[in-house]
Amino acid sequence: MLRALGLAAAAPLLATSTPGSARAQPGSLIGTDLEVVTVTDTSVVLTWTTLAVNADGTPFPAAADTEVRLAPADSRGPAAVYFPADTERTPYHYAEVGGLEPGRAYRFEAWSDDVRATPAANFVTRMPTAPECTGQFTTLVPPPGRPLRTLALCNDVHFGEEVSGLIAAGLPPGVRQEPGLTPYPEMMLAAVLDDLRRPDRAADHLLIAGDLTSEATPDQTRAVRSRLDAWGVSGRDWFAVRGNHDRPHTGSDYATCPPTADDHHDCWGETFTPPGEVLDHRVGGLRLLGLDTTEPDTPGGRIDRPQFDRVRELLRADPDRPTLVFGHHPVTLDSAVSNIAGPAFVLNRPDAAALQDLYRTSPGVFLHHSGHTHRNRRSHSDLPLPVEFLEVAATKEYPGGYTLLRLYEGGYQLNFYKTRTPASRTWSTRTRAEYLGLQPEYTLGTTTDRNHVVHRDLSGLA
């Protein structure tokens, strides 16, 4: 942590500089921040940044080419060289290589203008077994059976937010979008929606686990709803639940929205769904249950009694149906003690225990998707349950993306993807400086947090 804090001194300079703002010295190009973000059964995604150094030693983003050298780890021949066809010279490199063999180890190098990229001085990418350090990764082996459908999981859009990376009272120092550019929540959501319609992602459905808005004003809720409606149909293509930022608020800005208790008004509920409502949908035999885990005037989470009764009723009526549950607040004790805000930040312990106890008698539940912590983390349940509890990193900031859940007859494969538009790559790199430069340590997660396969009988799904 001390090393990262020391390096953070350069982060604001990097975040506010622009390519070409100073003349680089000969041979001063640096390739850094190498991350093996996504490893699927047939592809890998690498990202990194190139910097140059001006006369006084200040680093700034420098455009360079994007090159990956890759070969099977057990081969003796030279590595094949890949240049992404759609990538211009850029400081913010995104390289996706496809056509790989499932379950095979590969050695790799990332290069820009004959300079090899190396990982940043972050623990998560400097661990001895991390692929960024070993120079090797192994592709996943997909579950058996036919592929069935693909769902995208995302959260924490914060539509309307103007400063990213604040925790409380304006601290720690946040990051603002550069003047004249599209506000970053709009730009990052647009990048996700663009990605999901591309043939190489081809998501059938989008699940958004809360914090669609920054403060749930009428303008914010209507604007984010408009973006989603332009992408697809609510209840068929996309599904959303409320986060703590979307909760009912007080004040004159909310007076035109439906009233709730204690002088609060619910603009998000007027545009999306009322407080405490359980979303219950079927997509090809898969049951989706969306929970409202918000609590008035606090970032922590709860589930009210009518919701519990409704969820219990639905699960008891069809306990074996494959079921994905999503709600904003993480559930497990592992999540409670490992997030930087502490146990009060997640679902309260009595409700978390009751929900997991309910899952114990509902064998069809296989995945619970949460947001709120802005990190990629696969946490451990409090009880011995065959349920995965997954936190997905925020859409709005570094690492900036979504998780694809690919369902097969014999299980599922999960992969986290960063968004790849030029604007989103730039913003994601700038917001690495959040939390005094510790943002990557907390939010990126390990390779297996982001990419893994689970065997499960899903053969009854269409």
| request: Enter the angle in degrees (range 0 to 90, nearest 10) between the Cα long axis of helix 305-317 and the first principal axis of the Cα atoms of the chain, meaning the one along which they spread out most. | output: 90
| Given the Cα-Cα distance of Asp262 and Val454 and 0.36 nm per residue of separation, how much length would full extension add, in nm? | 64.6 nm
| task | Rank these residues by their accessible area, most exposed first, probe 1.4 Å: Met188, Met127. | result | Met127, Met188
| query | Leaving out ligands, DNA and RNA but keeping every protein chain, what accessible area does Cys133 have, in Å² rounded to the nearest 10, with a 1.4 Å probe? | reply | 60
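Stretch Val81-Val337 to full length: gain in nm at 0.36 nm per residue minus the Cα-Cα span?
Numbers: separation 256, 0.36 × 256 = 92.16 nm, distance 4.39 nm.
Here the answer is 87.8 nm.
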| In whole angstrom, how far apart do the alpha carbon centroids of the stretch 57-128 and the stretch 289-315 sit? | 44
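Quick one: work out the % antiparallel among DSSP beta bridges in the chain, nearest 5. Could you put the intermediate results ahead of the total?
On the way: 65 of 88 bridges.
Once the DSSP bridges in the chain are tallied, antiparallel ones form about 75 percent.
On a 1.4 Å probe surface of the protein chains, which of Glu295, Glu88, Glu434 comes out largest in accessible area, and what is the full order? Can you show the working numbers first?
On the way: Glu295 60, Glu88 150, Glu434 0 Å².
The most accessible residue leads, giving Glu88, Glu295, Glu434.
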| task | Grab the DSSP H runs of the chain that are 4 residues or longer, score each as -39,500 (n - 2.57), total them, divide by all residues and round the 222 nm result to the nearest 500 deg cm²/dmol. | result | -6000 deg cm²/dmol
| Inter-site label distance for Asp357 and Ser252 at 7 Å from Cα along Cβ, in nm | 4.8
| remark: The alpha-carbon center of the stretch 201-256 and that of the stretch 408-439 are separated, in whole Å, by 21
| How much length is gained if the chain between Ala105 and Asp194 is pulled fully straight, taking 0.36 nm per residue apart and subtracting their Cα-Cα distance, in nm to one decimal? | 28.9 nm
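The values are calculated or read from the model by the stated rules, or taken from the named source; none is laboratory data. The structure presented is a predicted model; accordingly, all values stated were derived computationally and were not measured. Cβ sites come from the backbone with ideal geometry, for glycine too, and all protein chains shown count toward neighbours. Only protein heavy atoms, including side chains, enter the accessible area calculation; ligands, DNA and RNA are left aside. Shrake-Rupley method; radii C 1.70, N 1.55, O 1.52, S 1.80 Å.
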